[in-house]
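Structure, as structure tokens:
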Amino acid sequence: MSDPKITHDSATPSDDLSPISYLAKPSGVCCLEGNIHSGNPRGSFETIADVETYICKPPDGQANGHILLYFPDVWGMFPNGLLIMDGFADAGYLVLGIDYFRGDSVWKHRKHRTDTETELGFDYEAWKQKHTAFANEAVPKWVRAIRTSYGKPATKYCCVGYCFGAPYVCDELAGSTCSAGAFAHPAFLKEHHFRNLKKPLFLSCAEVDHTFDTESRNKAIEIMNEGKKEYQLQLFSGVEHGFALRGNMEDKYERWVKEQSLKRIVDWFDFWLDL
């Protein structure tokens, strides 16, 4: 993994810029790997708080009245992410996903979809710095705008993030908007993201993940236990970082793992939002 040049904290940037301060490291080469899934996303795009947003509504008669906020990985609004959002909508949630990369997702900088080689002149560190700075400013405004435009007095909110999106989930769970949150194969997380949690967190993780390795994962669990946080850990062997979004769907186990991650996150939200 490459060392970061900046922190990723949408609430209060840390004064400690050293790589060792991270529990889930910044996105690295592993985040350039993955497969594009087939399917036909059924949502649409709308501009909210000056940011393009994917919106997917539940099927007729299946809405549960709740809103799910989606924070994408570095691949942004690519087919897999849109299909995952559709999956959450099929479970009854009104889903809104923020494109904080503004169409400049990292997968578009790969020479080929089948490898991790990037186009000539692509500066991954500069790319992360640019989009992190924008996302840190945009996310809080976007969440407020959604509450104003889509929320009702009885509306409950949850949030999910993949890789790059994990810190924004933790930030929301440190606030008052979301009743529960979840992330899969996270990046850019520091200890305070776990210490500051006020709402339940679901962690969907790979046993082998250079971004969020066993030592870091155990430290995060220790912090949450010390703070008596409400959480659940889902841990899969045999898969790596990106399993919940970019696995090989021709492999039965990788398909099952992706589906189980989605299913258990939905179950987590269903429980906490229906209390």
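The values are calculated or read from the model by the stated rules, or taken from the named source; none is laboratory data. Please read all numbers here as calculations on a predicted model, not as lab measurements. Positions of Cβ are backbone-derived with ideal geometry, glycine not excepted, and every protein chain shown enters the neighbour counts.
Things worth noting here:
- Top-ranked residue of segment 135-176 - restricted to ones that are of a type in the set (Val, Ile, Thr) and surrounded by fewer than 19 Cβ atoms within 10 Å (Cβ to Cβ), ranked as nearest to Ala244 (Cα to Cα): Thr155
- Looking across Glu207, Glu240, one residue alone is touching a Phe, Trp or Tyr at 6+ places or on another chain (Cβ under 7 Å), more than 18 Å from Pro140 (Cα to Cα) and either surrounded by fewer than 17 Cβ atoms within 10 Å (Cβ to Cβ) or acidic (Asp, Glu) (or both). It is Glu207.
- Single residue of segment 58-84 satisfying the filter (over 19 Å from the mean Cα position of the chain (by Cα) and in contact (Cβ under 8 Å) with a residue 24 or more places away in the chain) that is nearest to Asp104 (Cα to Cα): Pro58
- Only residues that are surrounded by fewer than 16 Cβ atoms within 10 Å (Cβ to Cβ), of a type in the set (Lys, Arg) and at pLDDT 70 or above were counted across segment 107-132, and they come to 2.
- His210 being assigned to a helix (DSSP H, G or I) and farther than 19 Å from Ile67 by Cα: no
- Scanning segment 178-204 for residues that are surrounded by fewer than 20 Cβ atoms within 10 Å (Cβ to Cβ) and among the polar types (S, T, N, Q) turns up Ser179, Asn196.
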